[in-house]
Structures are given as structure tokens and as C-alpha cells.
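Written below as C-alpha cells is the structure these notes are about.
Throughout, read-outs are computed from the coordinates displayed, never taken from laboratory work. Please read all numbers here as calculations on a predicted model, not as lab measurements. So basically every Cβ, Gly included, is an ideal-geometry build from the backbone, and we count neighbours across all protein chains shown.
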Amino acid sequence: MPVEFISAVHTDSAASGPAAASRTGFDPDHLRRYARTLDDGGFDHTLVAYHSASPDAFQVAQFVATHTERIRPILAHRPGVVFPTHAARALATLDRISDGRLTVHIISGGSDEEQRREGDYLGKTERYERSDEYIRILRKVWQADGPVSHEGKHFKFEGYYSDVKPVNGLVPISVGGSSQDAYRVGGQQGDIFGLWGEPLKETAEQIAAVNAVADAAGRPRPRIWVSFRPIIAPTDELAWEKAHRTLGVLKDQARNTELLRHYRTTGRPDNVGSQRLLDIAERGEVHDRCLWTAPAVATNAAGASTALVGTPETVAKALLDYVDIGCDLLSIRGYDPLNDAIDYSRHVLPLVRQELAHRATTQAA
């Protein structure tokens, strides 16, 4: 499969500068511009994130699909919120609207506190068990020629059938995480597996863990998606100056309880992925070529928060290091989202693609 680039849409212009990392509303004009910028700029996919306080992700994904031509929305979806039969129908409908461009990213939930905001009181292991069952139901409904029934640990229904089917028979399914539960579900069920940006050694170990599960299950290994927040400038020195300015803003923002009132969780994060980022940060601020962990500390590792810092050439080489260990979906989105997306399109994506084309030509020769 070719190496592809992922971004993430933002629904409000107030959330498009480094001073506002959380969403505060919905601005259709801004979202339209943002989605078209990604479409025109050469990104292949864009994440439509999910949070209990954010605009509805299904409707945002539909908006993105109807205002773009080629970019593929990756819809983040929580199994504990929508019953799987309804989700199967809704996802198939959205896939039809997008002409087969949809991917669904199953998020089992990393924070008990956040899950409970929407009435989900299952523990983490049970949430992953539910995700496994949920994915199986989605595929069963999409592939069914007639009514299907199901009785499992978390869901039960009888005689369900949907007239609407995905364009290509199935919607690709992504799973993410850094726990053994995540590796198990992702390796057994995922077409894509998502990781946050850790050092190369740790990333390779996680890929091996997922692949081992897939191999044991006798299924294709999932494509690997890895996420970073690049900070670029014309020189490495200027990039690091920019990085430290951004860090100052993130620290100020972390102290702003009003700005983050819906997004804040307390104490050390529940999820293994965030814990890993914080533990890696304790071992050092800079890893490998230019992986910077300080933003993870400033944000309490709230999501994909590690940065790649340097010139476009430095960052492109760092991304290629991850390609070399098995990552073929590169998620890059900045702390100044729209402006950074424009810069990545102009200065980073072409460098990575040129090098990959050169490698392909050399290998063929």
C-alpha cells in the first residue's frame, strides 16, 4: 500500500490557533475552508475526532464529505453511545454519501471520567470486549444478504436487516491504543491500527505486538497509523524557537480552567497510551532525529501530543524513519491547525513523496 497522509479537521476558527487546542463551537465556513484546504493540499485522509462536548462527529464527517472531492474522512466512533445496528446503517449511508471514502475509527475510551459523561460505566477491559463485539456486528450487518440476529455479552437483537450497504461492501475499520487489550482487538479486527508518536524503538515494539496478534489470528496485518504534531521553520534553530513559543502557549492554556472545562480530566491519565508518552518524556525531552516530548507533558498527554521539530527536510526524514519501520499512514497536524496544514502541504508532503518515488524508481531499476 502507498504511504498516505492524515490530518484532522477543526470545526471552529477559534480552535485554529495555538492558543486554542479545544473546540468551542461550530463554524461552517471555517470547516468548509479547512476541509477544502486539506483536499487541495494533498492529504489523503482526515480524522473527524470525537469528544462528549464536541459537535456531532457523524454530521461533521458528512459535511466534510459533501464539501470535498477526494479526501477520506476517518470518523471516530464510540461503541458505547450508538447501538451497533443503527451505527451500521448510519455508517453505510455516510459511506454512500462520500462515494466510498469513509473509514471508521473505533475508540473504546481511554478515560473513565470522560466515558461516564455519556453514561458509560464499563471498565477498560470490558470496553475493549464491547468494541470487539461491535466491530463483528458492523461487518455482519454490512455483509448480510438477509435478516441477522445476534446474542452476545454486550448486545442482543433479532432479525435486523439494512437496505443500505457500503460502496465497497465494507467500511475500513481502524482501532487504536497502546494496551494489550488494544493490540488484541486491533490485531484481530482492525484494517488499520493507530499509534501516537513514540520513539522509533518503542513504536517498532508496538507494531510487532499488533502484528503478532494478527498473525496468530490468520488475518492480514493492519496498516499502521502514527500521529505527530510537527513544528517546522526555515532552519532547525528557528523551528526550536517556534517550538518553545508554542510550549509556552500550551502551558498557559493548561492553566485556563474555563477554556478546557469540558475536556479536562484529572490526575494521571487512565489510558496506557498517555501514560507511555509521559514515561517517555521522563526519560528525555528529545528522542531519535527530532521527536519532542515536552508538549505531551504540558497537555498531560491528552491525545496525540508529541512533536517533530525542525526544517521541512528534518521532519520529512523523521517521518521516513517511521515508514522504514512499518508505518504507512502518517498523521501530521499542528498546534496551529489550519496554517500548519497549509505549510505541511507545501513543504513536508512533497519531500516525503519525492523520496518515496525515488526509492521506488531505484528499487525497480
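Tabulated results
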| quantity | calculated |
| --- | --- |
| With Cα atoms, 0 to 90° folded angle of helix 236-254 axis to the chain main axis | 60 |
| Net charge, residue 70 excluded, C-beta distance under 13 Å - Lys, Arg +1, Asp, Glu -1 | -3 |
| 27 Å Cα-Cα threshold exceeded, pairs from 201/317; 124/317; 251/317; 153/201 | 124/317; 251/317; 153/201 |
| Estimated FRET transfer efficiency when R0 is 41 angstrom, pair residue 363-residue 180 (beta carbons, to 0.05) | 0.70 |
| DSSP loop chymotrypsin sites (Phe, Trp or Tyr not before Pro) with at most 12 other Cβ within 10 Å: longest gap in the chain | 162-365 |
| Whole-Å distance, taken between Cα centres, linking region 326-346 and region 54-69 | 19 |
| Euclidean distance of C-alpha centroids, region 188-212 and region 119-139, integer Å | 20 |
| Charge dipole (debye, nearest 20) of the chain; +1 at Cβ of Lys and Arg, -1 at Cβ of Asp and Glu | 420 |
| Folded to 0 to 90 degrees: helix 272-283 orientation relative to the chain principal axis, Cα | 20 |
| Hypothetical label at residue 313: residues of region 204-234 whose amide nitrogen lies under 16 Å (7 Å Cα-Cβ projection) | 232-234 |
| Residue 285 paired with residue 158, simple spin-label distance in nm, labels 7 Å along Cα-to-beta-carbon | 6.4 |
| Rounded, prolate or oblate (a/c below 1.5 giving rounded, otherwise prolate when a/b exceeds b/c) for region 164-230 by Cα gyration tensor | oblate |
| Prolate/oblate/rounded label for region 134-274 (Cα gyration tensor, a/c 1.5) | prolate |
| Net charge contributed by nearby residues that have their C-beta within less than 13 Å of residue 276 (K/R +1, D/E -1) | -3 |
| Distance in nm between pseudo-label sites at residue 118 and residue 212 (7 Å out along the Cβ direction from Cα) | 3.2 |
| Potential extension, residue 144-residue 275 segment - 0.36 nm per residue separation minus Cα distance | 43.1 nm |
| Calculated P(r) tail over 25 Å for region 205-360, as whole % of Cα pairs | 36 |
| Full-extension gain in nm, residue 40 to residue 201, via 0.36 nm per residue minus C-alpha separation | 54.5 nm |
| Neighbour net charge for residue 343 - beta-carbon separation under 13 angstrom, K R +1, D E -1 | +2 |
| Along principal axes, Cα extents of the chain, largest first, whole Å | 63, 58, 42 |
